[in-house]
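**Q** Quick one: the structure is below, questions incoming.
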Ligand code: FES
């Protein structure tokens, strides 16, 4: 047989090299997803903050902005009291609206309504709106 | 004793299976409205059957969600004291439906259709039907229906302005659904799409060709963004599939090499 011409120890050596190579590639392939999972995320850090000039948020009124890639809203409920919430309805994802005359947020899709602090007042939304920390620094409102 | 246990186990399994396969409709089925009206002939029972095929039934919106009343109490189900409001008259229909469909109501009321409300103009039910209401598509704009009141020209213009965007929305819904089925978290994208679809459907309730045309590009651009995100996920899945294939091939090759190595050892021993 052709095999007999090559001494078995050389065959063994060759096969061990080949097998270790494949083993190394497989080990790398297995650790890649683990590394991807553990590695810190690129792009927007969770700590990103948004600063909005205070005069953009009138008393009893709102200002819509983008917070960490998602629509959000900040409301000046009482003089100097600001509340920041996600503007995405927790029912099916429509963007809520502020109704100043009612003092409520309303979702135009199925009439879900939320209080100024984001709790559900009525309609189909299953959960309150997520709120974000707000602080006032001089003439700015800092969210996040 | 053991038989009883087996029976109990079988029953629980059956219940679990039912809970898993039964759609949201199950919840709506329980109400006294359906129990009573479901069995009645003619005008009183018909709405129940029509409603069963509706998008409302699929989403668990039952009789009392629109007509009010108490769905748990036979005696007081239709008592105004329990919030029963019965059947709205023609002109009151937009307000009736608009309790939930606020946005659409707003745009409709400002439209030529809305202005003609009470003067022979159409309201929600004229186009969408009532109990058998389906998910709205541009097919609702068609010569038979529109020419009941006016000629088809402008309606056709609106239809051609919305058809392409609506097709984009439907395609996107399908591809997100497919991604969801293979285990990708698409809730956020689906929410954005739902919101866009709703805004877009609101828009053409304005029945204003110019407005629809001028805003369509904006909608298409936003839809394009969602589509790109979906496409990126699809690409990633394809890449994973490819690499998965490579790994399997390497494992097979490794197996063959291990066999040969085993043989080499045996040959060495034999010498
Ligand atoms: S999406 Fe907001 S109430 Fe349905």
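**Q** Only one residue in A:5, A:11, A:68 is touching a residue at least 60 places away in the same chain (Cβ under 8 Å) and within 14 Å of chain B (Cβ to nearest Cβ). Which one?
**A** A:68
**Q** Would you mention how many residues in the range B:181-192 are within 14 Å of chain A (Cβ to nearest Cβ) and either surrounded by 13 or more Cβ atoms within 10 Å (Cβ to Cβ) or within 16 Å of the ligand (Cβ to nearest atom) (or both)?
**A** 7
**Q** Among B:206, B:195, B:214, which is buried (at least 20 other Cβ atoms within 10 Å of the Cβ) and free of Cβ contacts under 8 Å to residues at least 12 places away in the same chain?
**A** B:195
**Q** I've got another one for you. Looking at (1) in contact with a helix residue (DSSP H, G or I) (Cβ under 8 Å, 6 or more places away or on another chain); (2) touching a residue at least 24 places away in the same chain (Cβ under 8 Å), which one does residue B:84 not meet, given that it meets all the others?
**A** Condition (2) is where residue B:84 drops out.
**Q** Does residue B:173 count as within 16 Å of the ligand (Cβ to nearest atom), surrounded by fewer than 17 Cβ atoms within 10 Å (Cβ to Cβ), assigned to a helix (DSSP H, G or I) and within 20 Å of the chain's Cα centre (by Cα)?
**A** So residue B:173 fits the description; yes.
**Q** Still on this structure: From (1) within 15 Å of the ligand (Cβ to nearest atom); (2) not in a loop (DSSP other than H, G, I, E, B), pick out the condition that doesn't hold for residue A:66.
**A** Every listed condition holds for residue A:66 apart from (1).
**Q** Is there any pair with a first residue in the range A:85-103 that is at negative phi and within 12 Å of chain B (Cβ to nearest Cβ) and a second that is more than 14 Å from the ligand (Cβ to nearest atom) and part of a loop (DSSP other than H, G, I, E, B) whose Cβ atoms are under 6 Å apart and which are 6 or more apart or on different chains, and what are they?
**A** Close Cβ pairs satisfying both conditions: A:86/A:130.
**Q** Determine if the range B:249-269 includes at least one residue that is more than 14 Å from chain A (Cβ to nearest Cβ) and surrounded by 11 or more Cβ atoms within 10 Å (Cβ to Cβ).
**A** no
**Q** Need the failing condition index for residue B:60 against (1) surrounded by 16 or more Cβ atoms within 10 Å (Cβ to Cβ); (2) in contact with a helix residue (DSSP H, G or I) (Cβ under 8 Å, 6 or more places away or on another chain), just the number.
**A** (1) is the only condition that residue B:60 fails.
**Q** Evaluate the following for residue B:158: is it buried (at least 19 other Cβ atoms within 10 Å of the Cβ) and away from the ligand (no atom under 16 Å from the Cβ)?
**A** Judged against the criteria, residue B:158 is a match.
**Q** Does the range B:224-247 contain at least one residue that is surrounded by 17 or more Cβ atoms within 10 Å (Cβ to Cβ), more than 12 Å from chain A (Cβ to nearest Cβ) and within 30 Å of residue B:154 (Cα to Cα)?
**A** No, there is no match, as no residue in the range B:224-247 is surrounded by 17 or more Cβ atoms within 10 Å (Cβ to Cβ), more than 12 Å from chain A (Cβ to nearest Cβ) and within 30 Å of residue B:154 (Cα to Cα).
**Q** Which of (1) more than 16 Å from the ligand (Cβ to nearest atom); (2) free of Cβ contacts under 8 Å to residues at least 60 places away in the same chain; (3) within 14 Å of another protein chain (Cβ to nearest Cβ) does residue A:61 not meet, given it meets every other one?
**A** (3)
**Q** Tell me the strands (runs of 3 or more DSSP E) entirely within the range A:88-144 that contain at least 1 residues that are within 16 Å of the ligand (Cβ to nearest atom) and out of contact with any helix residue (DSSP H, G or I) (no Cβ under 8 Å at 6 or more places or on another chain).
**A** A:97-99, A:104-106, A:120-122
**Q** Can you name the condition, by its number, that residue A:108 falls short on among (1) farther than 26 Å from residue B:196 by Cβ; (2) within 14 Å of another protein chain (Cβ to nearest Cβ)?
**A** Against the list (1) farther than 26 Å from residue B:196 by Cβ; (2) within 14 Å of another protein chain (Cβ to nearest Cβ), residue A:108 comes up short only on (1).
**Q** Next up: Identify the single condition in (1) loosely packed, with under 15 Cβ neighbours inside 10 Å; (2) more than 14 Å from every other protein chain (Cβ to nearest Cβ); (3) not in a helix (DSSP H, G or I) that residue B:122 does not satisfy, given that it satisfies every other one.
**A** With respect to (1) loosely packed, with under 15 Cβ neighbours inside 10 Å; (2) more than 14 Å from every other protein chain (Cβ to nearest Cβ); (3) not in a helix (DSSP H, G or I), residue B:122 is out only on (1).
**Q** With the requirement that a residue be outside any helix (DSSP H, G or I) and within 25 Å of the chain's Cα centre (by Cα), what does the range B:97-119 give you?
**A** Those that are outside any helix (DSSP H, G or I) and within 25 Å of the chain's Cα centre (by Cα): B:99, B:100, B:101.
FYI, it's all coordinate maths here, none of it is from the lab. Keep in mind the model is a prediction, meaning the values are calculated, not measured. A quick note on method: Cβ atoms are made from the backbone with ideal geometry, for glycine too, and the neighbour counts reach across all protein chains shown.
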